[in-house]
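In what follows, a structure is listed as structure tokens, so that the remarks can point back to it.
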Amino acid sequence: MGRPLGSPMSEKSDARAVPVNVMMRRPSLFGVPAMPILAAPLLVRRAHVEEAGALAALLGQAFEAETWDAAGIERELFCDETVRATLVVAAAGRLVATASLQVRPDAPECGWVRWVATDLARRREGLARALVIGVLAMARQAGCREARLRTQTYPLAAIPLYLQLGFEPLVTGEAEREVWERVIRLLSGEAGGGRALPPKEVSMNKSELLNGVREEYRQWEALLNQIGEARMEQPGAVADWSIKDIIAHLTGWRHRTVARLQAAQRGAGEPPSYWPAHLQEVDEVNAWIYEQNRGRSLREVLDESHQVFQQMFAAIEGLPDEVLSDPARYLPWLEAESVKPSDFFAHFHEEHESDMRAWLERVDKQ
């Protein structure tokens, strides 16, 4: 059905008519978006071996050139030790989407996103996006530093999704370069490809940014609700720290983010630090934040966290349009060419989310 990886398309061919196998790479697993909350009754969970037949039917829809049966699914997805997990979206017990994580022993630093499939009747509902985000989060928890995947140039809908999730074309020679140049032209509408689709960096207006930031906040609140206040003071979430300590830690650093956003509103430079000025090392700042909050009640810590989030929303809303259009100039501390919702939750995603979720999984099993 498809040509081997790297087979170039002719000048008369079209990426939509002649599928070509291509590879994509996410060079880092930092900044993975938060898992979206799917509307009930949709549920993201791990697949069970008893569902091999249902998975075979689902994958058979997506990969028509391949033969899938329950025995093959059990062998490839459940008995192969390199396949760390298979995620599914279930709707009232019926599987409607799936994706798997594979980590090969010869390259343990790389997590492969494999076998992404969505029921034909449930496409464009964000199911594949949720599953790929879930696989990326598991890859990071498994110690991987990057992610890769294989896809085809047709259907094109998958490639914009992967670009939006931080994947980049993996080009190893002129053949792949030619293929990707044609694909990008199609996605940009330059070769009759229809509506232009966003690349990796997406510029947002203020309303879109605020909606995205509030969605990130809802995901944060959902995680805290999963943990529950009764367990937030148990030590051991990260070394001796409790979930309460992590929340206070993140709030301490978020104070700086709010001050920086407020300074950008005024057109001012870097504001004074939230902590004493003589503290210069990160470990010193972390220790100061911990000591400031160690004796406070859980309710005080949660209330302050909520208040600082509201201050952050207000600060973003008050930013002049030129700040958002040129963050490299006005928000240099973001180190980004465009402002995205995940930028304001990067500390959580990159340094603490995996620890919190891993701790939650451990205590749930006790």
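The values are calculated or read from the model by the stated rules, or taken from the named source; none is laboratory data. Values in this document were obtained by computation on a predicted structure and should not be read as measured data. Virtual Cβ from ideal backbone geometry, glycine too; neighbours counted across all protein chains shown.
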Practice item. Go through SER305, SER325 for me and flag whichever is loosely packed, with under 15 Cβ neighbours inside 10 Å and in contact with a Ser or Thr (Cβ under 8 Å, 6 or more places away or on another chain). Key: SER325
Point to revise | Residue that is farthest from PHE348 (Cα to Cα), among those in region 285-328 that are among the small types (Gly, Ala, Ser) and assigned to a helix (DSSP H, G or I) | key: SER325
Exercise for review: For PHE309, indicate whether it is outside the structural domain of VAL32 (by TED's automatic domain parsing), in contact with a Leu (Cβ under 7 Å, 6 or more places away or on another chain) and closer than 20 Å to ASN225 by Cα.
Suggested key: no
Exercise for review: Can you confirm whether region 157-176 contains a residue that is modelled with pLDDT under 85, closer than 20 Å to ARG123 by Cα, in a loop (DSSP other than H, G, I, E, B) and in the same structural domain as VAL135 (by TED's automatic domain parsing)?
Suggested key: yes
Review point. If you go through region 247-270, how many residues are among the aliphatic types (A, V, I, L, M) and part of a loop (DSSP other than H, G, I, E, B)?
Key: 1
Revision key, fill the gap. Pairs returned, first residue in region 60-82 that is of a type in the set (Ser, Thr, Tyr), second residue that is not in a helix (DSSP H, G or I), beta-carbon separation under 9 angstrom, 6 or more apart or interchain, are THR82/GLN102; THR82/VAL103; THR82/ARG104; THR82/PRO105; THR82/TRP112
Review point. Taking interchain pairs and intrachain pairs at least six residues apart, which have beta carbon atoms under 8 angstrom, with the first residue in region 217-236 and closer than 12 Å to TRP359 by Cα and the second surrounded by 13 or more Cβ atoms within 10 Å (Cβ to Cβ) and small (Gly, Ala, Ser)?
Key: MET232/SER242; GLN234/SER242; PRO235/SER242; GLY236/SER242
Review point. Restricting attention to region 222-281, which residues are over 20 Å from PRO341 (Cα atoms), touching a helix residue (DSSP H, G or I) at 6+ places or on another chain (Cβ under 7 Å) and among the hydrophobic types (A, V, I, L, M, F, W, C)?
Key: ILE227, MET232, ALA237, VAL238, ILE243, ILE246, ALA248, TRP275, LEU279
Check your understanding: Restricting attention to region 329-345, and to residues there that are surrounded by 16 or more Cβ atoms within 10 Å (Cβ to Cβ) and part of a helix (DSSP H, G or I), which single residue is farthest from the chain's Cα centre (by Cα)?
Key -> TYR330
Study note, to complete from the structure: Taking region 219-232 and the residues there that are small (Gly, Ala, Ser) and either under 22 Å from the mean Cα position of the chain (by Cα) or not in a loop (DSSP other than H, G, I, E, B) (or both), the one that is nearest to TRP288 (Cα to Cα) would be ALA230
Exercise for review: Find all pairs meeting these conditions: Cβ atoms under 7 angstrom apart; at least six residues apart or on different chains; first residue within region 87-101 and more than 20 Å from MET138 (Cα to Cα); second residue surrounded by fewer than 18 Cβ atoms within 10 Å (Cβ to Cβ) and modelled with pLDDT under 95.
Suggested key: ALA91/PRO41; ALA92/PRO41; VAL96/ARG122
Revision key, fill the gap. Within region 96-121, residues being over 21 Å from the mean Cα position of the chain (by Cα) and surrounded by fewer than 18 Cβ atoms within 10 Å (Cβ to Cβ) number 6
Practice item. From (1) part of a helix (DSSP H, G or I); (2) at pLDDT 90 or above, pick out the condition that doesn't hold for PRO235. Key: (1)
**Study point:** Residue in region 271-284 that is in a loop (DSSP other than H, G, I, E, B), among the aromatic types (Phe, Trp, Tyr) and not assigned by TED's automatic domain parsing to the domain that holds ALA39 present
**Key:** yes
Review point. Does any residue of region 77-96 turn out to be closer than 24 Å to ILE184 by Cα and either at pLDDT below 95 or part of a strand (DSSP E or B) (or both)?
Key: no
Revision key, fill the gap. Given (1) touching a Gly at 6+ places or on another chain (Cβ under 8 Å); (2) of a type outside the set (Ser, Thr, Tyr); (3) touching a residue at least 40 places away in the same chain (Cβ under 8 Å), LEU120 misses just (1)
